[in-house]
Each structure stands twice: as structure tokens, then as C-alpha cells.
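Trainee: The structure follows.
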Amino acid sequence: MLNFQFYNPTRIVFGKGTISKLRELLPAGKRILMTYGGGSIKKNGVYDQVKEALNGFDVIEFGGIEPNPEYETCLKAVDVVNKENVGFILAVGGGSVLDASKFISIAAGYDGDKWEIMKKLMPLPQKVPVGAVITLPATGSEMNCNLVISRRETKEKFGGGIPSAFPKFSIIDPSVTFSLPTRQTVNGIVDTFVHVMEQYATYDVNSPLQDRWALSIIQTLVEEAPKVLKNPNDYDVRANLFWCATTGLNFMIAPGVVEDWSTHALGHELTALYGLDHGQSLAVILPRLWKALFNEKKEKLAKMARIVWNVGGTDDEAAEKCIALTEEFFRSIGMKTNLSEYGVDAAEAAAELKRRFAERGVNPGETGKLTPDVIYKIVSES
Ligand code: NZQ
Ligand code: ZN
């Protein structure tokens, strides 16, 4: 096992009816900026529940944060924070609203070029604390210090961790996810799956406890995913999926293991260039990335095939089955896994990603073997 530090200061308040707890969690006497997205919270009753809980607080609102939150929109909210003497930001929505709120808080206290914060993941403090009512199980943003911001003007998307960015608290009421469109439910399942894999599917450093934690999240996802598609209003299934998403990226399974965030690195480029949803971009890349780096990853993939799907055979055979069964799982829940199915020309995308990664001069991944040529191969086969 590698050396590690573990730190996670976020309070989670989980369960039915927990939005009313906002009153106990928010600081008294501070002006609150409530951020939200394109309006889903006004249709599913979350907005009303939040407003009721905030009765008596000094609240201003900032709506319209896009999926894959836009840098320019965040800058408008930064102005509001600074001009309106905001003392706390309450994000109400999915990962995009929360990531934007984390960025807004950090950028509000920084006078330089704010895009550099994302490009360099500058370890700056937040100007004001952030809390969340999270409405979509996927990113784990509710219990981590990561944020991902997009800039459409330059077709860029950058993300990663900034230590100050943990939310103070996150409220998770799984019943607010009944209203999710199937596409977003599926995106969230795939995103959670791939988060766990980026922390598991590398090489073995003798960390059986972390491996079991990781694979138990995968087993739960594989069991619960078909149930949520059949019964979207099953509270227990929604609760299990949400806790999978939160624990999949709250750093609990990461300590002491080798990580590989290259499926995300490549996926972000596909989203920036072609507008694929985050989950879609990952489902396209993951199986081909595993094929391209088969020798580096086969030991862990074989272990996963045996534990999750009871597969027998040699390591090579089991690892190959793991790749096939993973893609089959994605497709079984309605997630497309080929660029052509999104109308994207794979050869063109491959050439552009190769160019971008060559220009940056750093190979993503845990072994340094993901060179621009290997990236070309992966994307052209996607
Ligand atoms: O904008 P509104 O109207 O609220 O609608 C949203 C949006 O259209 C809708 N939605 C959210 N909750 C809903 C709902 N609709 C009905 N009922 C609900 N309860 O879903 C759509 C997608 O929302 P979004 O927040 O964009 O999705 P998600 O939570 O998947 O976040 C994606 C963003 O997070 C980043 C991604 O790159 C992307 O920018 N990520 C953040 C991470 C992190 N902070 O740790 C890690 C991830 O790897 C990921 O990169
Ligand atoms: Zn992700």
C-alpha cells in the first residue's frame, strides 16, 4: 500500500425530508446566494422545499447554470458575490451547479486571470463557504473537493481537486431523484462506475480492503441499475444509487492505491469538442482504453471479473471478459458506447485529441504509456 493522507470535512445529511434541515446548517446573519441550474428544481418541488426552509434568511438567487458549467456564467455570479456582500453559497442542483458554486467562491477572492485557477488547479482559498442540496447521483461533488468547469469559447474543459473546495455540508434526499430523466439516471450510473474504476483498475499494490470497497460499489451498481430503470420511484433503490455515487468519489476508496484519471481526461475533451454528456464520453472511452493498456491493467480486471461476475479462466481470459461485460452492462442500461452513435467521426476526434495531448506534453495515466499515439488508437477505435 502507498503512503497516504485522508481528509474529508463534509457533513452529509442523508434521507427523506432532509431539505428542512437547511435551517440548522446555514449560518445565521449571513446573506445567502442560492445557485441553481436550468429549472428542474422548479418542476420537482425542490425549489419550494428550499425556499420554505430558508424562510427568514436573507437570500438572493442566481439561476441558469448550465450542465458542464460555463466559465462566463460563473464570472457573472462572481460579480454578485462581491457586489452583494454574500456570506454563503447554497448550491441546489446537480454536479454542475455545485462545481460552479465551488469555482465562484474561489474565483471571488482572486484578482488575477480566473481561468488560470482551473488550468493550473491553483490551491486558493474559498472566499465564502459552500453548501449543497444535491439532486443528481453521479459526480460525488457533494463530498469532494473537485470541480470541473467548461469554456465554450475555446472548447476547453478543465477539472480536478482544489483542497479548499469541500462543501461544508451536503443534503442528499434520494426522493428528489425520482424526477430525473432516464438519460441522467444512466449518465450517473456510468459516471459512478468509471470513478470507481479510475481508482481501482490500475496495478496491484496489495490493498485488499480498498479493492473490496471499490468492487462492492460496482456490485451494488450492477444490482441496482436494472431496478431503477424498472421502478424509477423506488426510494430504496434511489438511496442505494446515491450512496454509491457519493462514496465512489469521496476519496474513501482512494487512499494508498494507484489512480488513473485518463478516461476522464479523454472524456472531457470529447465533451468540450462535441458536447457529449459527461457519462456518455466515459462509456465511449473506457472499454477501448482498457484494451489498449491490457497488460498494465489485466490483473485488476481479472480480479473484478471474478468477484463481480463470477468469471473463471486465466487472468487474460477473465480480464477480456471484464472488458466485454462492462460494455455489455453499459449497453444494457441504454448507454451508447460508440462515437458513431453520437454522430462523431472517430478518426477526426482521434486526430484532435492526439494533437491536444501532444501539445500539453504530459501523458495521462498511471504508467506513462498513454502517449499521443496510443490516445489516437483508443479514440479512433471508439
Ligand atoms: O439544470 P437543471 O434544470 O437543474 O437540470 C439538470 C441538467 O439538465 C438535470 N437535473 C439535475 N437534477 C435533477 C435534474 N432533472 C430532474 N430531476 C433532478 N433531480 O440533469 C441535467 C444534468 O445535470 P448536471 O448537474 O450537469 O449533471 P451531473 O451531476 O452529472 O454533473 C456533470 C458535471 O460534473 C462534472 C462533469 O464533468 C460535468 O461538468 N464532474 C464533476 C466531478 C466532481 N466535482 O467531482 C467529477 C465528475 O467526474 C465530473 O467530471
Ligand atoms: Zn466523472
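The values are calculated or read from the model by the stated rules, or taken from the named source; none is laboratory data. Note that the structure is a prediction, hence the values are computed from the model and not measured. Quick reminder, even Gly has a Cβ in these numbers, built from the backbone with ideal geometry, and neighbours come from all protein chains shown.
Trainee: What number of residues within segment 255-313 are over 17 Å from A349 (Cα atoms), β-branched (V, I, T) and either within 11 Å of ligand 2 (Cβ to nearest atom) or out of contact with any Asp or Glu (no Cβ under 6 Å at 6 or more places or on another chain) (or both)?
Mentor: Qualifying residue count for the region: 4.
Trainee: Please pick out the residue among E317, E299 that is more than 25 Å from the chain's Cα centre (by Cα) and either touching a residue at least 24 places away in the same chain (Cβ under 8 Å) or not assigned by TED's automatic domain parsing to the domain that holds E198 (or both).
Mentor: Exactly one of E317, E299 is more than 25 Å from the chain's Cα centre (by Cα) and either touching a residue at least 24 places away in the same chain (Cβ under 8 Å) or not assigned by TED's automatic domain parsing to the domain that holds E198 (or both), namely E299.
Trainee: Here's something else I'd like to know. Which pairs have Cβ atoms under 9 Å, sit 6 or more apart or on different chains, and link a residue in segment 270-286 that is acidic (D, E) to one that is away from ligand 2 (no atom under 11 Å from the Cβ)?
Mentor: Partner pairs satisfying both residue conditions: D277/P67; D277/N68; D277/R183; D277/Q184.
Trainee: Pairs needed: first member in segment 62-74, under 14 Å from I41 (Cα atoms); second member anywhere, within 16 Å of ligand 2 (Cβ to nearest atom) and among the β-branched types (V, I, T); C-beta distance under 8 Å; at least 6 residues apart or different chains.
Mentor: Correct list of pairs: I65/V97.
Trainee: Only one residue in T367, T337 is out of contact with any His (no Cβ under 9 Å at 6 or more places or on another chain), free of Cβ contacts under 8 Å to residues at least 60 places away in the same chain and assigned to a loop (DSSP other than H, G, I, E, B), so which one is that?
Mentor: Step by step, each of T367, T337 is checked, and only T337 is out of contact with any His (no Cβ under 9 Å at 6 or more places or on another chain), free of Cβ contacts under 8 Å to residues at least 60 places away in the same chain and assigned to a loop (DSSP other than H, G, I, E, B).
Trainee: Taking the conditions exactly as written (away from ligand 1 (no atom under 14 Å from the Cβ), of a type outside the set (D, E), part of a helix (DSSP H, G or I) and touching a helix residue (DSSP H, G or I) at 6+ places or on another chain (Cβ under 9 Å)), does V128 satisfy them or not?
Mentor: Details: away from ligand 1 (no atom under 14 Å from the Cβ): yes; of a type outside the set (D, E): yes; part of a helix (DSSP H, G or I): no; touching a helix residue (DSSP H, G or I) at 6+ places or on another chain (Cβ under 9 Å): yes.
Here the answer is no, as V128 does not meet what is asked.
Trainee: Given the structure, is S207 assigned by TED's automatic domain parsing to the domain that holds I307 and either surrounded by 18 or more Cβ atoms within 10 Å (Cβ to Cβ) or within 26 Å of Y36 (Cα to Cα) (or both)?
Mentor: Yes, satisfied.
Trainee: With I333, I285, I307 as the choices, which residue is touching a Pro at 6+ places or on another chain (Cβ under 9 Å) and either assigned by TED's automatic domain parsing to the domain that holds A347 or hydrophobic (A, V, I, L, M, F, W, C) (or both)?
Mentor: Every option except I333 fails the conditions.
Trainee: Having 1 or more residues that are touching a Ser or Thr at 6+ places or on another chain (Cβ under 9 Å) is the bar; report the helices (runs of 4 or more DSSP H) wholly within segment 19-87 that clear it.
Mentor: Ranges flagged: 40-43, 46-53, 71-83.
Trainee: Please specify each residue of segment 179-206 satisfying the condition of being more than 20 Å from T367 (Cβ to Cβ), near ligand 1 (Cβ under 8 Å from one of its atoms) and of a type outside the set (G, A, S). Spell out the reasoning first.
Mentor: To start, the set of residues in segment 179-206 that are more than 20 Å from T367 (Cβ to Cβ) comprises 179-193.
Subsequent filtering for residues that are near ligand 1 (Cβ under 8 Å from one of its atoms) retains 179-181, 184, 187-188, 191.
Across segment 179-206, the qualifying residues are L180, P181, Q184, N187, D191.
Trainee: Among the residues of segment 26-60, what is the count of those that are loosely packed, with under 15 Cβ neighbours inside 10 Å and in contact with a helix residue (DSSP H, G or I) (Cβ under 9 Å, 6 or more places away or on another chain)?
Mentor: Adding up the residues that qualify gives 8.
Trainee: When only residues in segment 237-280 that are farther than 21 Å from P226 by Cα and of a type in the set (S, T, N, Q) count, which is farthest from ligand 1 (Cβ to nearest atom)?
Mentor: Per the stated criteria, the residue is S262.
Trainee: Another one. Can you name the residue in segment 137-166 that is surrounded by fewer than 17 Cβ atoms within 10 Å (Cβ to Cβ) and within 14 Å of ligand 2 (Cβ to nearest atom) and, of all such residues, is nearest to N187 (Cα to Cα)?
Mentor: Filtering segment 137-166 for residues that are surrounded by fewer than 17 Cβ atoms within 10 Å (Cβ to Cβ) and within 14 Å of ligand 2 (Cβ to nearest atom), the one nearest to N187 (Cα to Cα) comes out as G160.
Trainee: Let me ask another. Name the one entry in G87, G63 that is crowded, with 16+ Cβ neighbours inside 10 Å and within 11 Å of ligand 1 (Cβ to nearest atom).
Mentor: G63 is the lone residue from the list that is crowded, with 16+ Cβ neighbours inside 10 Å and within 11 Å of ligand 1 (Cβ to nearest atom).
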